[in-house]
Amino acid sequence: YYKAVLWAVENGITNGADATHFNPMGVCNRAQVVTFLWSAAGKPEPTLTENPYSDITEADYFYKSVLWAHENGITTGVGGGCFGPDLTANRAQIVTFLWQAKEQPEAGADNPFVDVAESDYYYRPVLWAAQNGVTSGVDADHFGPLNECTRAQVVTFLYKAYTAY
């Protein structure tokens, strides 16, 4: 993840956990992931004027990134009018956010993972990510959709999706 972290810092996607540490094994929450995506997109100003989520406010560092993600169909929240900013982001969510940010590119039909079913909301995003080298899964046969995602994994997904794909 070394190159991915350098790329993320150099491109203003993240500043790290503090001035001298990235905290690669730190687990990402939904607010952090959406902020990384928003930053990778160049931090565009959202045009949405009404906040659709009851659990975020204008004072939150991630406010603009969540509004941007919502208006661009990257996320619809966790239900009940909530975004769930502090909820741990799992691999399925992150790959789905990224796939939607990349405008839902097509993926072939070859599914290498026994833990990803065609009926899963993340099926097409996972296939796209695997087929385009964004991820190879947690092992040869498993994607690990519900596994927590570390900061190193998130920026590596972003790096691969934005520099190699």
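Among the residues of the stretch 17-37, how many are of a type in the set (S, T, N, Q), part of a loop (DSSP other than H, G, I, E, B) and in contact with a Lys or Arg (Cβ under 8 Å, 6 or more places away or on another chain)? Before you say what the answer is, go through the steps one by one.
Kept after step one, since they are of a type in the set (S, T, N, Q), are these residues of the stretch 17-37: 20, 23, 29, 32, 35.
Narrowing the set further to residues that are part of a loop (DSSP other than H, G, I, E, B) leaves 20, 23.
When the remaining residues are screened for being in contact with a Lys or Arg (Cβ under 8 Å, 6 or more places away or on another chain), the result is 23.
Residues meeting the conditions: 1.
Looking at G137, G133, G108, can you tell me which residue is farther than 28 Å from E45 by Cβ and buried (at least 16 other Cβ atoms within 10 Å of the Cβ)? Steps first, please.
Numbers: G133 fails: buried (at least 16 other Cβ atoms within 10 Å of the Cβ); G108 fails: buried (at least 16 other Cβ atoms within 10 Å of the Cβ).
Testing whether each residue is farther than 28 Å from E45 by Cβ and buried (at least 16 other Cβ atoms within 10 Å of the Cβ) leaves just G137.
Given the criterion part of a helix (DSSP H, G or I), of a type in the set (S, T, N, Q) and either under 15 Å from the mean Cα position of the chain (by Cα) or modelled with pLDDT under 95 (or both), identify the matching residue among Q93, Q104.
Going through Q93, Q104 in turn, just one is part of a helix (DSSP H, G or I), of a type in the set (S, T, N, Q) and either under 15 Å from the mean Cα position of the chain (by Cα) or modelled with pLDDT under 95 (or both): Q93.
Among (1) touching a residue at least 40 places away in the same chain (Cβ under 8 Å); (2) basic (K, R); (3) under 25 Å from A17 (Cα atoms), which single condition is K64 missing?
Every listed condition holds for K64 apart from (1).
Pick from the stretch 54-102 the residues that are of a type in the set (S, T, Y) and open to solvent by less than 50 Å² (accessible area, probe 1.4 Å): which of them is nearest to F157 (Cα to Cα)? Walk me through how you get there before you give the answer.
Within the stretch 54-102, the first condition is being of a type in the set (S, T, Y), and the residues that meet it are 54, 57, 61, 63, 65, 75-76, 88, 96.
Next, from what is left, pick out any that are open to solvent by less than 50 Å² (accessible area, probe 1.4 Å): 63, 65, 75, 96.
Details: Y63: 23, S65: 18, T75: 17, T96: 11 Å.
Filtering the stretch 54-102 for residues that are of a type in the set (S, T, Y) and open to solvent by less than 50 Å² (accessible area, probe 1.4 Å), the one nearest to F157 (Cα to Cα) comes out as T96.
With part of a loop (DSSP other than H, G, I, E, B), at pLDDT 90 or above and either among the aliphatic types (A, V, I, L, M) or within 16 Å of the chain's Cα centre (by Cα) (or both) as the only criterion, which of T14, T47, T75 stands out? Lay out the reasoning, then the answer.
Numbers: T14 fails: at pLDDT 90 or above; T47 fails: either among the aliphatic types (A, V, I, L, M) or within 16 Å of the chain's Cα centre (by Cα) (or both).
Matching residue, one of T14, T47, T75: T75.
Across the stretch 122-136, what is the number of residues that are in a loop (DSSP other than H, G, I, E, B) and more than 15 Å from the chain's Cα centre (by Cα)? Before the answer, list the steps.
First pass over the stretch 122-136, keeping only residues in a loop (DSSP other than H, G, I, E, B): 122, 132-136.
So of that shortlist, the ones also more than 15 Å from the chain's Cα centre (by Cα) come out as 132-133, 136.
Here the count works out to 3.
Within the stretch 87-119, count every residue that is acidic (D, E) and either in contact with a Cys (Cβ under 6 Å, 6 or more places away or on another chain) or touching a residue at least 12 places away in the same chain (Cβ under 8 Å) (or both). It would help to see each step written out before you state the result.
Taking the stretch 87-119 as the starting set, the residues that turn out to be acidic (D, E) are 103, 106, 110, 115, 118.
Filter again for either in contact with a Cys (Cβ under 6 Å, 6 or more places away or on another chain) or touching a residue at least 12 places away in the same chain (Cβ under 8 Å) (or both), leaving 106, 110, 115.
Qualifying residue count for the region: 3.
How about the stretch 120-165: which of its residues are hydroxyl-bearing (S, T, Y) and touching a residue at least 40 places away in the same chain (Cβ under 8 Å)? Let's see the steps before the verdict.
Step one: filter the stretch 120-165 for residues hydroxyl-bearing (S, T, Y), giving 121-123, 135-136, 150, 156, 159, 162-163, 165.
Selection gives T135, T150, T156, Y159, Y162, T163, Y165.
For A69, are the conditions met, namely being of a type in the set (A, V, I, L, M, F, W, C) and modelled with pLDDT of 95 or more?
On the way: of a type in the set (A, V, I, L, M, F, W, C): yes; modelled with pLDDT of 95 or more: yes.
Yes, satisfied.
The values are calculated or read from the model by the stated rules, or taken from the named source; none is laboratory data. Computed from a predicted structure; not experimentally measured. All Cβ positions, glycine included, derive from the backbone under ideal geometry; neighbour counts span all protein chains shown. The protein model used for the area step is the full one, side chains on, heavy atoms only, and it has no ligands, DNA or RNA in it. Shrake-Rupley method; radii C 1.70, N 1.55, O 1.52, S 1.80 Å.
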